[in-house]
């Protein structure tokens with residue numbers, strides 16, 4: 001499981017440009033699914049036959065896209081200006097190495113050396129429009145090219161964190177985009193395994209910019225129940241007030257109550273909790289009510305559906321290094337299987 | 001004909017917040033049963049009550065969810081930490097008496113002397129003396145609503161929690177009970193999750209696919225000192241208010257004109273509702289599927305989203321009459 005997550009985490013797929021991730025996932029699931037559709041936006045929709053048919057349509061969903069940046073301009077001296085895709089605090093990229101485009105050209109996001117700054121300047125976090133990428137280029141032509149020659153990138157090219165997945169500490173993993181490559185990882189494992197009941201799976205696009213992929217998947221498939229497998233914010237840090245902690249590492253998958261776009265129905269949640277107790281699966285509540293997942297689009301699309309959110313707790317989401325607990329990942333996977341094989345209607 | 005005030009008492013006693021409307025819906029379904037041809041819930045727990053007809057489909061919506069609070073933690077001394085469902089001014093919560101689904105009640109307290117407390121400064125005190133004692137009664141994920149019952153007071157007014165929008169539900173039930181031999185195919189929809197983003201109405205409209213629809217909800221009135229400035233030109237006791245727009249929807253002029261004609265025909269005194277902010281189910285009806293003609297009829301209300309709201313019973317009764325009149329409209333009048 002760790003190896004699969006490692007590969008997925010290292011792939012680049014900014015919202016709207018998920019090809020690398022999609023191609024890898026298709027390769028992983030092709031031998032195991034009865035039907036696979038890639039729709040107009042690039043969502044992957046999978047139907048997997050189980051041992052029995054289910055009375056209603058149950059779908060699991062995870063999103064393939066990650067937050068990142070686009071090349072918006074280059075200065076005459078060859079520094080690259082960037083715009084964000086999805087929500088990223090500009091402070092988290094300062095000093096980081098980012099990689100550009102298919103060729104993964106590396107650049108750093110610098111800050112003036114301290115010797116050159118004033119006390120006043122140091123009080124204020126720079127805005128994204130004041131930051132730029134230094135790729136060691138000498139001029140704009142080298143970066144963006146001109147009428148005769150291509151540069152090594154172009155306007156609109158995508159940029160990701162260059163983090164490579166690794167493990168550290170007591171059973172912890174770090175990498176970029178664990179939100180939501182962890183979900184993709186679990187869905188792949190489910191598709192590769194025998195299941196009790198016929199089940200649908202969706203690997204969605206453009207979740208980070210407004211759950212756009214999910215909306216059209218929902219309209220096409222019209223599931224009765226949709227389970228979103230996500231990575232959610234864990235804020236179990238020393239200076240965080242108790243009521244902002246949301247989820248903790250090491251306490252198992254987090255079950256959603258409410259977020260900025262969805263009220264998760266309590267009857268479905270209670271059924272799932274009973275399943276978890278029966279299988280001895282550790283779980284916790286997701287206590288925050290902010291953020292949003294594909295459930296926000298699914299439950300109000302078309303005729304609507306019941307939704308459930310199970311999430312891997314992840315520290316520092318939307319930064320270069322997300323941190324999660326490997327045991328939590330295994331429990332989340334176990335939970336997902338228990339739901340797929342335990343929900344009869 | 002059902003009595004609006006009596007219905008309101010039943011609905012408030014069974015009030016549930018967004019996401020927990022199923023039980024409210026079951027009470028409404030029982031009341032509607034004798035008058036309905038079809039009653040069912042959809043995936044989002046909207047309750048749909050149909051009176052069959054051969055004509056065009058008309059959808060009338062009032063939301064059954066109320067604003068409420070969601071338990072997110074129980075502290076080491078048994079006090080309850082919560083989040084809000086729907087819009088609250090936090091200073092209204094201090095001192096409020098609230099009721100959980102299992103009947104347990106408590107008071108909301110504040111941890112400091114701030115005039116405008118943050119949500120994290122508030123807690124619910126159910127009078128228990130330990131965390132264990134509270135946990136026997138209340139769990140994370142439980143919800144609560146304001147206590148209180150509607151009462152008639154002088155001037156033909158009624159006061160109590162949740163005029164928004166249980167009075168709309170009461171009005172629809174009253175209208176339903178008056179209708180016989182309807183030509184049009186009528187859908188009385190008691191929607192869910194309006195207070196958290198007008199969500200239920202989206203799927204309800206999709207399932208019904210009406211020719212046109214309108215919502216019954218409260219609107220701000222301008223006839224009291226606390227009213228927001230600039231003051232709404234809507235007052236209690238001057239009749240139902242036909243909606244031109246609110247923060248979420250610009251009602252289709254065809255529907256507005258139809259409602260005005262219906263009011264004139266039935267000699268119903270009406271006002272005009274233009275609400276600068278806020279949102280109602282009319283928006284979700286209008287933006288569903290390929291677009292649906294939509295409007296609204298509103299009840300002027302004072303102190304919206306506080307523990308005690310006020311409306312005029314005359315406005316409510318006239319609103320029910322206007323709803324009935326609108327259902328009769330031959331829909332060839334609406335292009």
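As a test of the definition: which semi-axes, in Å, follow for the protein assembly as shown when you take the square root of five times each eigenvalue of its alpha carbon gyration tensor? Largest first, please.
47, 28, 28
Among A:315, A:122, A:261, which one moves the most in a GNM of chain A with springs linking Cα atoms closer than 10 Å?
Comparing A:315, A:122, A:261 in the GNM, the peak value goes to A:122.
Gain in length, residue A:26 to residue A:141, computed as 0.36 nm per residue apart minus the alpha-carbon separation, to one decimal in nm?
Fully extending the segment from residue A:26 to residue A:141 adds 37.7 nm.
State, to one decimal in nm, how far the label point of residue B:276 lies from the label point of residue B:147, with both points 7 Å from Cα in the Cβ direction.
Going by the 7 Å Cα→Cβ label model, 3.6 nm.
Residues of the range A:1-33 with amide nitrogen under 14 Å from the 7 Å Cα-to-Cβ point of residue A:326?
In the range A:1-33, the label zone of residue A:326 (backbone N under 14 Å from the point 7 Å along Cα→Cβ) covers A:1-7.
Efficiency by 1/(1 + (r/R0)^6): what FRET value for residue B:131 and residue B:267, r their Cβ-Cβ distance, R0 = 56 Å, to the nearest 0.05?
0.35
Could you tell me, in Å, what Rg and Dmax come out for the Cα atoms of chain A?
Rg and Dmax of chain A, Cα atoms, are 21.0, 69 Å.
Going by C-beta contacts inside 10 Å, put B:20, B:276, A:54, B:199 in order with the fewest on the left.
The fewest-first ordering by Cβ neighbours comes to B:276, A:54, B:20, B:199.
Between the range B:285-303 and the range B:235-252, how many Å separate their Cα centres?
9
Students often get this wrong: which residues of the range B:85-122 have the backbone nitrogen under 15 Å from the point 7 angstrom along Cα-to-C-beta of residue B:26?
Once the point is set 7 Å along Cα→Cβ of residue B:26, B:101-103 turn out to lie under 15 Å by backbone N, inside the range B:85-122.
Could you state the principal axis extents of the C-alpha atoms in the range A:80-222, from the largest down, to the nearest angstrom?
Over the range A:80-222, Cα extents along the principal axes are 64, 48, 26 Å.
For the range A:20-130, what size does the Cα cloud have along each of its three principal axes, sorted from largest down, in whole Å?
Result, largest extent first: 69, 29, 21 Å.
Sorting A:79, A:32 on the 10 Å Cβ count, fewest up front, what's the list?
Ranked by crowding around the Cβ, least crowded first: A:32, A:79.
Tell me, how many Å apart are the Cα centres for the range A:21-51 and for the range B:1-44?
So the two Cα centres are separated by 43 Å.
Give the relative contact order (percent, whole number) for chain A; include only Cα pairs under 8 Å separated by 6+ residues.
23
Of the residues B:311, B:196, B:12, which exhibits the maximal mean-square fluctuation in a Gaussian network model of chain B defined by a 10 Å Cα contact cut-off?
Maximum among the listed residues: B:196.
Per q in 0.06, 0.09 Å⁻¹, report the Debye log10 I(q)/I(0) for chain B, using one uniform scatterer on each alpha carbon and no solvent.
Log10 I(q)/I(0), no solvent term: -0.20, -0.45.
Please build a GNM for chain A, connecting alpha carbons under 10 Å apart, and tell me which residue among A:21, A:258, A:205 fluctuates the most.
A:258
Rounded to the nearest 500 deg cm²/dmol, what is the calculated helix-only ellipticity per residue at 222 nm for chain B, with -39500 (n - 2.57) per DSSP H run of length n ≥ 4?
After summing the helix terms and dividing by the residues of chain B, the value is -8000 deg cm²/dmol.
Evaluate E = 1/(1 + (r/R0)^6) for residue B:6 and residue B:77, where r is the Cβ-Cβ distance and R0 equals 41 Å; express this FRET efficiency to the nearest 0.05.
0.45
Let's test the formula: R0 of 30 Å, r as the Cβ-Cβ distance of residue B:231 and residue B:328. What FRET efficiency results, to the nearest 0.05?
E(calc), rounded to 0.05, equals 0.30.
Taking Cα pairs under 8 Å and at least six residues apart, what relative contact order does chain B come out at, in percent?
Contact order relative to length: 22 percent.
Please report the antiparallel percentage of the DSSP beta bridges confined to the range B:62-190, to the nearest 5.
95
Suppose the chain between residue A:39 and residue A:129 were pulled fully straight at 0.36 nm per residue; how much longer would it get relative to their current alpha carbon spacing?
Gain on extension, residue A:39 to residue A:129, equals 28.9 nm.
Taking a virtual spin label 7 Å from the Cα of residue B:260 along the C-beta vector, which residues in the range B:227-245 bring their backbone nitrogen under 12 Å of it?
B:242-244
At a 10 Å Cβ-Cβ cut-off, how would you order B:280, B:134, A:135, A:37, fewest neighbours first?
Taking fewest neighbouring Cβ atoms as first place, the list is A:37, A:135, B:134, B:280.
What do the square roots of 5 times the Cα gyration tensor eigenvalues come to for the range A:143-240, in whole Å, largest first, as semi-axes of the equivalent ellipsoid?
32, 25, 15
For every helix of n ≥ 4 consecutive DSSP H residues, a contribution of -39,500 (n - 2.57) applies; sum these over chain A, divide by its total residues, and give [θ] at 222 nm rounded to the nearest 500 deg cm²/dmol.
-7500 deg cm²/dmol
Cα-Cα pairs above 17 Å in the range B:204-335: how many percent?
Value for the range B:204-335: 57 percent of Cα pairs lie more than 17 Å apart.
Readers should treat all values here as calculations from the given coordinates under stated rules, not as data from a laboratory. Quick caveat: nothing in here was measured; it's all calculated off a predicted structure. No Cβ is skipped: glycine too gets one built from the backbone with ideal geometry, and neighbour counts run over all protein chains shown.
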